[in-house]
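Since the structure comes first, as structure tokens, the remarks are kept for the end.
The values are calculated or read from the model by the stated rules, or taken from the named source; none is laboratory data. In this text, all values refer to a predicted model and were calculated from it rather than measured experimentally. Cβ atoms come from the backbone with ideal geometry, glycine included; neighbour counts cover every protein chain shown. All accessible areas refer to the heavy atoms of the entire protein, side chains included, with ligands and DNA or RNA removed. Shrake-Rupley method; radii C 1.70, N 1.55, O 1.52, S 1.80 Å.
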Amino acid sequence: MTFPYKLVATDLDGTLLRDDHTVSGRTREALAAVTAAGAAHIVVTGRAVPWTRHILDDLSYEGLAVCGQGAQVYDAGEHRLLTSLTLDRQLAGLALSKIEAEVGPLALAASRDGLEGEVLVGPGYRVQEGPLPALYMNDPAEMWSAPLNKVYIQHPELDDDALAHAARQAVGSLVNVVMAGPGVVEILPLGLSKATGLSLAARRLGLKAADTLAFGDMPNDIPMFGWAQHGVAMANAHDDLKAVAHEITASNEHDGIAVVLEELLRTAPRA
């Protein structure tokens, strides 16, 4: 069998993971069949490595993963960081002050760099329920005391899209601003995206954009869709991603990834 893509890139939350943070048996089987047919599977997530590692271990995933919105390329088999890009903390502080000058005070959190990097949470920041570890800060200066991959921002009144738009207008020439999920607006190094991280990981495998099928659900997946040969949005995806997708599949709750992969496997020419 000749599978039409050499690389399958999947986002995690809202895409590969169901809403209970598990991966269905059907989707596991479809991915196993695709890799058996010779394609590589790369997880591409906004989560930093410490918030991704347990999921990869549960999947017995031993390939490369792109974490932290492209900041980190992680070898899951060896539990080793291959590349890691950090956010200039002085620039991040300047960006935050400029955003607050436009929209008022923000609630903040930050992701520290490294395999064991904690997520620091400031006063008023709403952390999503779940098993992900977080360290609460009493002193705001703690946030700046060690290298960071990203800063998270929330606003007491603006919704995610409005906050991301306002932040982009205020500081888009200094940093990247992305909306990565409900309640998750992030400040990243300028020029960083899932596409830049995925291109690095693909290059390590001798693969390129023309070889790539990508799945996602949020605006932070837009650059990845722009890079990949074919981008598939989940039925539950944000409208901005659906607008640039080549195809829309079923939701993450209804095995949208498996639906597409099974059809490609069914129609793939026999070698």
- Rel. contact order, % - alpha carbon contacts under 8 angstrom, at least six apart, the range 118-197: 24 percent
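Rounded to the nearest whole Å², what accessible area per residue is found for the range 115-271 with the 1.4 Å probe?
Values: 7280 Å² over 157 residues.
For the range 115-271, the per-residue accessible area is 46 Å².
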- DSSP beta bridges in the chain [antiparallel fraction, %, rounded to 5]: 60 percent
- Cα-based Lys pair tally, the chain, threshold under 27 Å, eight or more apart or on separate chains: 11
- Query: Toward the positive end of the charge dipole of the chain, about the Cα centre and with charges on Cβ (Lys, Arg +1; Asp, Glu -1), which of L108, G122, V43 goes farthest?
  - Reply: V43
- Item | Rg over Rh, two decimals, the range 68-152 (C-alpha only, Kirkwood Rh) | 0.99
- Normalised per residue, the volume inside the convex hull of the alpha-carbon atoms of the range 1-134 in Å³ amounts to 135 Å³
- Query: How far is helix 25-36 tilted off the main Cα axis of the chain, in degrees rounded to 10, range 0 to 90?
  - Reply: 70 degrees
- Task: Quick one: plug the Kirkwood hydrodynamic radius of the range 160-262 (C-alpha pairs) into Stokes-Einstein at 25 °C, 0.890 mPa s, and report D in µm²/s.
- Result: 171 µm²/s
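Taking all protein chains as present, what is the carbon and sulfur share of the accessible area of the chain, in % to the nearest whole number, probe 1.4 Å?
Looking at the chain in its full context, I get 52 percent from C and S.
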- Query: Along the charge dipole of the range 118-271, which of L205, A170, A233 sits closest to the positive end, that is, farthest toward it, with unit charges on the beta carbon of Lys, Arg, Asp and Glu (+1, +1, -1, -1)?
  - Reply: L205
- Taking the DSSP beta bridges in the range 107-247 as the whole, what percent of them are antiparallel, to the nearest 5? 70 percent
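Got the relative contact order for the range 11-125 handy, in percent, Cα pairs under 8 Å and 6 or more residues apart?
For the range 11-125, the relative contact order is 16 percent.
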- Message: Please give me the summed charge of the neighbours of L241: other residues whose Cβ is under 11 Å from its Cβ, Lys and Arg +1, Asp and Glu -1.
- Response: -4
- Query: Between the range 219-240 and the range 1-67, what is the C-alpha centre distance in whole Å?
  - Reply: 16 Å
- Query: In degrees from 0 to 90, rounded to the nearest 10, what is the angle of the helix 256-267 Cα long axis to the longest principal axis of the chain?
  - Reply: 30 degrees
- Query: Taking the Cα centre of the range 220-271 as the origin, how large is its charge dipole in debye, to the nearest 20, when only Lys and Arg (+1) and Asp and Glu (-1) carry charge on their Cβ atoms?
  - Reply: 260 debye
- For S251, the net charge from surrounding residues (Cβ-Cβ under 10 Å; K, R +1; D, E -1) works out to -3
- Scoring the chain by relative contact order with C-alpha pairs under 8 Å, at least six apart, yields a percentage of 22 percent
- Message: For a protection proxy built on the mean count of beta-carbon atoms within 10 angstrom, sort 46-56, 6-16, 243-253, 109-119 highest first, please.
- Response: 6-16, 46-56, 109-119, 243-253
- Check: the chain dipole with +1 on Lys, Arg Cβ and -1 on Asp, Glu Cβ, in debye: 940 debye
- Query: Does anyone have the angle between helix 194-204 and the longest principal axis of the chain? Alpha-carbon axes, 0 to 90°, nearest 10?
  - Reply: 50 degrees
